[in-house]
Structure formats: structure tokens, C-alpha cells
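Below is one structure, written out as C-alpha cells, with a few remarks after it.
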Amino acid sequence: MNKWFSWVLVGTLLLCTESIWAQSSGVIRGRVSDQQTNESIPFASIVLQGEMSGTASDLDGRFELTNVPSGLRNVQVNFLGYDSQTVFEIEVSPSRPAVIQVELRPSTIAIEEAEVVGSRRVTQAEAPLSVRSIGTNEIKRNPGGGRDISKALRTLPGVAAIPSFRNDIVVRGGAPNENRFYIDGIEIPNINHFATQGASGGPVGMINVDLVENIDFFSGAFPASRGNALSSVMEFSFKEARKDEWTANMVVGTSDLGLTIEGPTGEKSSLIMSMRRSYLQLVFKAIGLPFLPIYNDYQFKWTARPNDRNVVTVIGLGALDNFELNLDIAGDTTAKDYLDQIAILGTLDIQEQWNYTQGVKWDRYQDNGKWTFVASRNMLNNRAYKHLDNDEDSELIRDYLSQEIENKFRTERKWYGASGLEATFGASYEYVKYNNKTAEKRFNPQTSALDTVAFETDFAGHKYGAFAQVNRSFAEERLTLSIGTRVDGSTAAQGLKNPFRQLSTRASASYSFAPGWTLNANTGVYFQLPAYTLLGYDVDGERVNATADTRYIKNRQLVAGLKWDGSERNFVASLEGFYKGYEHTPISELQGVALANLGADFGVVGNEAVSFDGTGRSYGAEVLLQQRLYKGFYGLVAYTFVRSEYEDGEGEFVPSSWDNRHILSLTAGKKFEGGWEVGTRLLFSGGLPYTPTDLTSLSQESWDFYGRPLLDYSLLNTERNRAFHQLDLRIDKKWFFERWSLDVFMEVQNITGAVVPQPSYVDVVRNPLTGSPVPSTVNPGYYDARQLDPSSGAVLPALGIIIEL
């Protein structure tokens, strides 16, 4: 009876809320301004996409659209003499007005509508191709993404779908450490928790999507103002907090709890901030996994607009991450897979990591552009250690503690001239500090013995750079050309000091040969500073990687493509081909392999002696078909063919660890009336190559110390995993009430239970009662091998709740 009554109650609630939905409406308000001067634009036309009438901005550029149906809506903004813009997927609710800022770009002629996401457009002259924009709602509803930004990026062309418990961002065959990240123009070192120092990556995204308005993702054609990138530049735009009232957003996600608040801090300033705490460790412990990741993070953005000429932005974010071992599973010898869990525990370190970034940006608008001044500081503290046999009373067999500190300043001038002429120029400076205390033993494959590595290093240095870029349009804006250059140097090593050795030039061209059709091309030479873990490596009191032979990593790129923009129906199609050639990549002197092949695991990359004479390449093609939200439908098809290779010791190109070859992403969804939404995503990835186990590491001397197998780098990436595919599903239901809204979503990852292929793991034969290794009776001084298959194919359901007040 009670069960029947509960179902009736739920059904009644659904019927009532359907009625509430049908009658609910909200307000969209905001401001229209000139992109170049920040001055208000009065009398601009603002209409909902598909409607004939709307409203106009007042003398201060402000507007208000009323009686807007609840849900996601697109808004078109037009004014004579400016490029028209479409702001996609504004979330409208009766509980709070939606607030947007629209910046219109002056146009010398009447042209077709230009597409943007969020409230701004990509600089198309500097980067006419290899740039994608993704909005906050596209991230939130991404099936299988768990509101994680790094996972949402995997739907874009050129981005690999790595089948592992990590968020490594691998773009066009490049290593995870070749990406750079900015929030409102302020650089941040990483966007993931549990970062692999020297390589980026990590298993969980650090940025709360509730603060994000838009992401511009550059997989090539990097602007001259953004240095130190070889594979991608990601420009995050955080939301500017509302100034009319304080609101809150509470989320019970698939792995954490979050709270976001925003509101006015004065008449002309506002603040948005969030805090999150994971409960993933509780889930992992309940299902008996050997590791327990615990993370916490905070983010905020404060904006002040004292007048139309000045905007001050302050951002901050930080994380506290602990990676603990679930030693309780080692006490139950009767548990299923007991020996396998013991084997995994033997490979894992305990990690304690924290980081933060704080920055301030001042935009000073002029009649012909603006000055931008940016100052920031970021710090990473990384500790990793392991006791023999995971016994805290035993000796430490690995002990690592390192800090990276960067203090940065950048000034930038954006200038607009007559006849479509634009220029950007500026300079940057950084004061950096790095320290490292390492004590461990490492297996030497040349001697088959353990070498003791113990050192302390502490150095400070300077980094400096300058840049300039000029754009000009011709032939009634059908042809746009851009040329740019930058130089970078550092005192961290003698070989890095001369900035003109790192002369980085780039050029772009875009030609519109028919309505909606453009031919685009870019070529450039880019440089990246070696990781601090490399520059700080010490042997007998000398930083052996910081010499006159030290070099920036050099990358030559060529990209060309064709694009069709059907802006009336929010549809885009593109085809691009790319080539990337690497020089001066770091090569491990111990293993003889490029460090770019590393970084797909927890720990540290680069804490060893290297030479800077590696060579590599990646090349391929991408296809994109994208339908942004239009009449309730959205979808995306992205296919990438990519080859990624590095030279071996004999001058032959061999596959790198990121050589997927084929990557396919299919995403589609439909928003129904009544607050329902259904979305699905299919990922397919060719198998990644891997390096087999070095069987000599099964010697008792090596195994008793490491407790895990080592790889045979003489057979680098000679094996390859099977292809990987995953089908994900997400269903959302939203209820809008007068003062609050509720969103309940169900997500199922890998709904078909497809097996995620992984390399077989080599363990040793163990005593089933104690888990201790059993010496070989056939090969004295060694243990016998035992093969484990870590591949799994679990269906992962999840339920989430979002409450907005």
C-alpha cells in the first residue's frame, strides 16, 4: 500500500510540475558594448533565435527580454555597423534572470552573421582554423563526462580518447605536457587534480563547470601572445557574476559535492566562487579498490567595472589532493582477487599534492583598443613516497618532495586601425623558483643493478618574452592575412638565455570564396621550455640538464583546411590536415627514449638526466560536423586520423605512446518540452601502443625493492592494444519553480559493458595465504612471472542532483 501510494505521489508531482513548466517563463537581461572600446551600444536589436520581435538596448547598452520560455534559448544581437552575434544556450529560469554580456565587433561592410559561443568570439584573423568553442551547457550535458571539462574536450576533433582512469589531454599526437591553459587571460599550470608533475594530466578535472561561460580550444594556429605551447591553448572564460542579487547552486555530482554562490559586492563589482569536496574515496573503498583519491578545490572570480574605460578581474583557484592506499584489502586473504590487489598495491605511491593560482588583470580601454596588464602567482607542492612492502615502520624506498613557484607579469596592447588593420604587441616576465629533494633507487638496464639516486636542488631563474602580431583584411573582408612573431628566453640554463634562438614566427590566411565557405591555412614555429623537473635534476651538486647544450623543444607546424558555416541553422562543417615536426625533444640517457612517450601515469616525469637531441613528428586529418542547439536538437561528429612517431636510436621512426591512428566521436541529443533531455555519445579509438615488461626486472634484487615490473625500453611501443569503444547515455529532467529549480540527471557510462583494453600486467607468483612472492625453483635469484589482465568492462551508472536558488 505504501509503495503504491509513493508511486501515485511521484506521478502527481510529475504532472503538476509539467503544468508548472508549461506556464513558467523567465527574463534575459544584459549589456551590449563595443568590443574595441567597451563603450555602450544603444538601440541594438536583441531577439530570440527564430522570433521576429524582441527588444532594444537603452542608452547605457542595457536590455531586458521578458516572458522568455524556461530552458535553453539562443539570442541574436544586431546593430548597424557591427558584426551580428548569436549567444548560444542561455539558461532561462523563473527563479532568477539570466545575465549576459555581449561584445559586438565593428565591421566596415555588411557581412553574414558571425557565430560565437558565450558572449565573445574567437579572434578569427589570428587563428582562422583549428579553433573550437564549447559552452558551459555543452560540458554539463556531455554524456559520460560527469560535468568534467577534460572529458568534454574528447568530443572535439584532434583530441584523443585515452581509455584509462585519467584526464590526459592528447591533441594531434602531442604529449600531455604540450598544452597551455588560461582563465580570463591569466595562465594556470594545470586543470586536473593529481597532476603528473612534468607532464600535466590527472584523473579528475579541477575546474568547476558552473563557473565556466565558454572555452576557446586552439589545437593549432596559436596567437603570438600565447607562448610555450606545442599542442593546444585553452582559453577559459569564467562567468562574470550577477550584480542584481545573490544566488546559489548546489550539486551532488558523480564524484563530488559542490557549492557555487554569486552576487554583488558593491554597486559596480561582483563575485562568483565555488568549493567542492570529493566522495570518490568512499565509493572506491566500498567496492574494494586498492587506491583512494581524495580531492578538494576552490575557485573564484571578482570583477569590478568602475566605468566603461576600466575593468579589473581577480581570479583564484586551488586544490588539495591526497592519494592514499586502501591497505584494508591486504588483510583479507579470502577476498576475491586478493593476490591481484596486493600486486597493484605494490606499484602505487602515496601522494600528497596541493597547488594554487592567484591573478589580477586590468583592462584599460582606449579609443582604438585597450591595454591589458596581468600579474599572477602559482605554486605546486608535490610529495610522493613509498615504504617497503607498504609498511610504515619499514624504510622509505622512494621519497620525493618538490615545489614549483612562478610569479608572472604580462602587458599587452590591442590596437585597431582603419581598413581592417589590427595589431597586438606586448611583453612578459616571470620569476621562477624550483626545489627538489629525491631519494630512491633505480634499476639500470645497462648493468641490471640498482643505482642509488639521492640529491637536493634549489634554483631560481627568470623567463622573458616579447610578441607582436598584425592582421589585415582585404577584398571587402573576403581575404584576411595575419603574421606574428615572439621571442622567449630563460636564465634557467646557459643554452636557453638567448631569446633570438627561440624566434617563433607564424602566419595565417583565410579566404571566403562563397557565402559561408572559407579556405584557411596556418604555418608556424613554436617553442616550449623543458619541464622544471628536467632543469632541476642534480648529480653531485650539478644540474646536469642545465648546460650550454640545453634547448627549448621546437615544433614546426603546417595546417590547412576548408570550412562551411551554415549559421542560419547553427551548423558547421570543416576538414583540416596538419603536420607537426619536433626537434630538441628530451631523450632519457638511462632508457634511451623520448620523455614525450611518458606521462600517462601518476608520479613525476623528467627527474633524470637527458639529452636534447630527440626528433619526432605527427600528422593527420580531421573532419568535423557540428549542429549547435537548433529547435531542440544538437549533435557533433568528429573523426581524426593521426600518426605520432619519434626516432629511435637507429634513426627509424617508431610509434609514440599517443599513436591512436583513428579517433571517432559521435554525440547527439534532443531537448523535449517539459524539461526532459536525452543525450548519447559514442567514442571509438584505435589501440595505443605500449612497451612490454623487462623480464630481468623479475630478479629478486629488483622486485624486492620495487615491488613491480619495469619496462623493456629496447622494445619501445612494439606492442599495441586492441581498439577501444564506449557508448554513454545521459537523461536529464528539470523542474522550474518560482524561487528555485531542480535538475536530476542519470548517467550511464559504457552502457554496453565493452571491455576497455589494457596491456597485460606482469606480477610474480605469490603465496596465496600471505601474498608474499615465491622464489623460482627453476631460475634461481628470480621470481616466476604471473600474468594479470587489468582490462575491464563495467557498466558505470551514476545519479546527480543540481539545486539552484
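Straight-line reach from Lys285: taking Cα to Cα under 21 Å and skipping same-chain neighbours fewer than 8 places apart, the lysines in range are Lys336, Lys386. Multiplying the residue separation of Thr411 and Glu476 by 0.36 nm and removing their Cα-Cα distance gives an extension gain of 20.2 nm.
Per residue, the stretch 441-583 exposes 45 Å² of accessible surface when a 1.4 Å probe is rolled over the protein heavy atoms with every protein chain present. Enclosing the Cα atoms of the stretch 707-788 in their convex hull gives a volume equal to 229 cubic angstrom per residue. Radius of gyration (Cα atoms) of the stretch 542-678, expressed as a multiple of 2.2 N^0.38 Å: 1.48. When the Debye formula is applied to the Cα atoms of the stretch 237-384, each taken as the same point scatterer, what base-10 log of I(q)/I(0) results at q = 0.16, 0.19, 0.21 Å⁻¹? Values, matching the q order: -0.94, -1.13, -1.24. Comparing the stretch 45-110 with the 2.2 N^0.38 Å rule of thumb, its C-alpha radius of gyration ratio is 1.14 (two decimals).
Take each peptide in 267-277, 172-182, count the other Cβ atoms within 10 Å of every residue, and average; sorted highest first, the result is 172-182, 267-277. For the chain, the longest principal axis of the C-alpha atoms and the axis of helix 338-347 are separated by about 80°. Calculated from the alpha-carbon coordinates, the stretch 475-518 shows an Rg and a Dmax of 17.7, 53 Å respectively.
Among the protein heavy atoms of the stretch 194-327, carbon and sulfur supply 63% of the accessible surface, probe 1.4 Å, non-protein parts ignored. Simple point charges give the picture: +1 on the Cβ of Lys and Arg, -1 on the Cβ of Asp and Glu, and for the stretch 291-432 a dipole about the Cα centre of about 1640 debye. Pairs over the 24 Å Cα-Cα cut-off, from the set Lys140/Lys671; Lys301/Lys671; Lys563/Lys733: Lys301/Lys671; Lys563/Lys733. Averaging over all projection directions, the Cα-based convex hull of the stretch 617-698 occupies 8.8 nm² in the image plane.
Heavy-atom accessible surface of the stretch 666-805, averaged per residue, reaches 48 Å², computed with a 1.4 Å probe. Excluding same-chain neighbours fewer than eight residues apart, the aspartates and glutamates reachable from Lys670 by a Cα-Cα span under 13 Å are Glu138, Asp732. What FRET efficiency would be calculated for the residue pair Asp451, Val678, taking the C-beta separation as r and a Förster radius of 60 Å, to the nearest 0.05? According to the calculation, E is roughly 0.60.
Between the C-alpha center of the stretch 674-715 and that of the stretch 126-173 there is a gap of 22 Å.
A straight chain from Trp740 to Lys268 at 0.36 nm per residue would run longer than the Cα-Cα distance by 167.3 nm. Helix 2-23: angle to the longest alpha-carbon principal axis of the chain, degrees 0 to 90, nearest 10? Between the helix axis and the principal axis of the chain, the angle is about 40 degrees. Dipole of the stretch 350-501 computed with +1 at Lys/Arg Cβ and -1 at Asp/Glu Cβ about the Cα centre; of Phe409, Gly489, Ser473, farthest Cα towards the positive end is Ser473. Estimated at 0.36 nm per residue, the fully extended path between Glu395 and Val623 surpasses their Cα-Cα distance by 76.7 nm.
Can you give me the Cα centroid spacing of the stretch 589-649 and the stretch 201-237 in angstrom? Each part's Cα centre sits 15 Å from the other's. Helix-only arithmetic for the chain: the sum of -39500 (n - 2.57) across DSSP H runs with n ≥ 4, divided by the residue total, places the mean residue ellipticity at 222 nm at -2000 deg cm²/dmol.
Modelled this way, with points 7 Å down the Cα-to-C-beta line, the labels at Ala418 and Ala56 are 3.1 nm from one another. Expressed as a fraction of 2.2 N^0.38 Å, the value expected for a compact globular protein of N residues, the C-alpha radius of gyration of the stretch 213-309 is 1.49. Measuring from a point 7 Å past the Cα of Val539 along Cα-to-C-beta, which residues in the stretch 578-597 have an amide N at less than 18 Å? Correct set: 586-595. Here the accessible area is traced with a 1.4 Å probe on the protein chains. For the stretch 610-685, carbon and sulfur cover 61 percent of it.
The values are calculated or read from the model by the stated rules, or taken from the named source; none is laboratory data. On a predicted model such as this, the values are computed, not experimentally measured, just so you know. Counting neighbours? That spans all protein chains shown, and the Cβs are built from the backbone with ideal geometry, glycine included. All accessible areas refer to the heavy atoms of the entire protein, side chains included, with ligands and DNA or RNA removed. Shrake-Rupley method; radii C 1.70, N 1.55, O 1.52, S 1.80 Å.
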